[in-house]
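Read the structure below first, then the notes.
The values are calculated or read from the model by the stated rules, or taken from the named source; none is laboratory data. Everything numeric here is computed off the predicted structure, so don't read it as measured data. Here Cβ is always computed from backbone atoms with ideal geometry, including for glycine, and neighbour counts include all displayed protein chains. These accessible areas exclude ligands, DNA and RNA; they are computed on the full protein's heavy atoms, side chains included. Shrake-Rupley method; radii C 1.70, N 1.55, O 1.52, S 1.80 Å.
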Amino acid sequence: VIEKPFGHDLESSQELNDLVTEVFAPEDVFRIDHYLGKETVQNLLSLRFSNELYEPLWNSDHIDHVQITMAENIGIGSRAGYYDGVGSAKDVIQNHLLQLLALTAMEEPVSFSPHDLRQEKEKVLSALDFFGPVDQSAIRAQYSEGWQGGKFVKAYLDEENIPADSVTDTYAALRLAVRTRRWQGVPFYVRTGKRLARRVTEITIVFKRPNFLPFEQRVTAGQSNNTLVIRIQPDEGVTFRFGVKVPGASFNVRDVTMDFSYGHAFTEYTPEAYERLILDVLLGEPPLFPQQKEVEESWKILDRAFEYWDTLDTIDTYPPGSWGPLSSDHMLARDGRAWRRA
Ligand code: BG6
């Protein structure tokens, strides 16, 4: 059982794998990415493939873009030894967020056997690319000092055991593309960070506006794109934002939210991610564990981001308790879009 990170770049992940496969057969190796053990992550599959509503719309004809956010309000705590030199992109995007992206973007698997499921994820990860030039599609930053939740907190560089000249990212955002017919022209924005405004992980599917509206412009002026939000944690659930008529004599449309919450809908016990994964290891059940090929494809993207970041001497900063650096907002603004206020 190997806990991530699986190496620190493509080459080291291959070395690690060579070492492991000298001793163990592939079916005896379990790479843990604890996000795959989360109930809400597995629900992505049932949402997409057990319902009629979503799959026909799940493509570039109807989807404008996708956002995947994993935000934390904590700093690095006492993990300097592990964290410095690794950073948020390698700690979270390479594994958790690219796995979420793969599950969001993949084709319907022929069956839910481990082989078929992993094959579909692997195809997405092999089709991953940056959406545009890397230097306009990869943002990294570090938290500065400031007030967060009524407490004054240290800058990353002032945390214990962090070298004063560290350029390790505590925030990273990538603009990615999945080079397939289904996702042609649809950017996938992924972001993660420490010391952000709050702890939340969610996948946001932003649909296109209708290509024709039989109303005067003012009627729908208060309406934005239909949006499906899959909340991985906390307040696990799914929300859908769509326009309805505002009650009254005039005709105006405004956005409302339809909300499904696990807490309200179910009384069943939700196992912790690790609980589920460790049980699967004991039972020898592999579908929730990424394979080496998926790991390697994910590193290829991260290695390209780092090739660019390594040419920079400086790193952006962002205030604690914020939603990250302005450069990240600008990356979306240039595309005429904005991060969802999670
Ligand atoms: C781990 C990262 O994989 O995930 C940590 O190494 C991060 O830096 C943690 O805090 C977050 O996990 P969760 O389940 O709380 O979102």
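Structure notes:
- Residues (modelled with pLDDT of 90 or more and either outside any strand (DSSP E or B) or more than 23 Å from Ala105 (Cβ to Cβ) (or both)) located in region 215-241: Gln223, Ser224, Asn225, Asn226, Pro234, Glu236
- Residue in region 280-293 that is in contact with a helix residue (DSSP H, G or I) (Cβ under 7 Å, 6 or more places away or on another chain), touching a residue at least 60 places away in the same chain (Cβ under 8 Å) and under 30 Å from Gly150 (Cα atoms) present: no
- Figure legend. Inter-residue proximity from region 242-255: first residues over 15 Å from Arg209 (Cα atoms) and outside any strand (DSSP E or B), second residues open to solvent by less than 70 Å² (accessible area, probe 1.4 Å) and not polar (S, T, N, Q), beta-carbon distance below 6 Å, spacing 6+ or different chains. Indicated pairs: Phe251/Val219; Asn252/Val219; Asn252/Val246.
- Contact annotation: no residue pair with Cβ atoms under 6 Å, 6 or more positions apart or on different chains, pairs a residue in region 37-55 that is over 14 Å from Glu108 (Cα atoms) and free of Cβ contacts under 8 Å to residues at least 60 places away in the same chain with a partner that is open to solvent by 30 Å² or more (accessible area, probe 1.4 Å) and assigned to a helix (DSSP H, G or I).
Yes/no per residue for (1) β-branched (Val, Ile, Thr); (2) buried (at least 20 other Cβ atoms within 10 Å of the Cβ); (3) touching a residue at least 40 places away in the same chain (Cβ under 8 Å):
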{"residue": "Leu98", "(1), (2), (3)": "no, yes, yes"}
{"residue": "Met106", "(1), (2), (3)": "no, yes, no"}
{"residue": "His115", "(1), (2), (3)": "no, no, no"}
{"residue": "Val124", "(1), (2), (3)": "yes, yes, yes"}
{"residue": "Ala127", "(1), (2), (3)": "no, no, yes"}
{"residue": "Gly132", "(1), (2), (3)": "no, no, yes"}
{"residue": "Arg140", "(1), (2), (3)": "no, yes, yes"}
{"residue": "Asn161", "(1), (2), (3)": "no, no, yes"}
{"residue": "Val167", "(1), (2), (3)": "yes, no, yes"}
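- Total residues in region 3-17 satisfying the condition of being within 13 Å of the ligand (Cβ to nearest atom) and either open to solvent by less than 60 Å² (accessible area, probe 1.4 Å) or in contact with a Cys (Cβ under 8 Å, 6 or more places away or on another chain) (or both): the figure is 3.
- At least 2 residues being within 11 Å of the ligand (Cβ to nearest atom), of a type outside the set (Gly, Ala, Ser) and more than 14 Å from Leu176 (Cβ to Cβ) is the threshold, and among the helices (runs of 4 or more DSSP H) wholly inside region 65-150 those reaching it are 80-83.
- Some residue of region 18-26 being small (Gly, Ala, Ser), away from the ligand (no atom under 16 Å from the Cβ) and open to solvent by less than 10 Å² (accessible area, probe 1.4 Å): no
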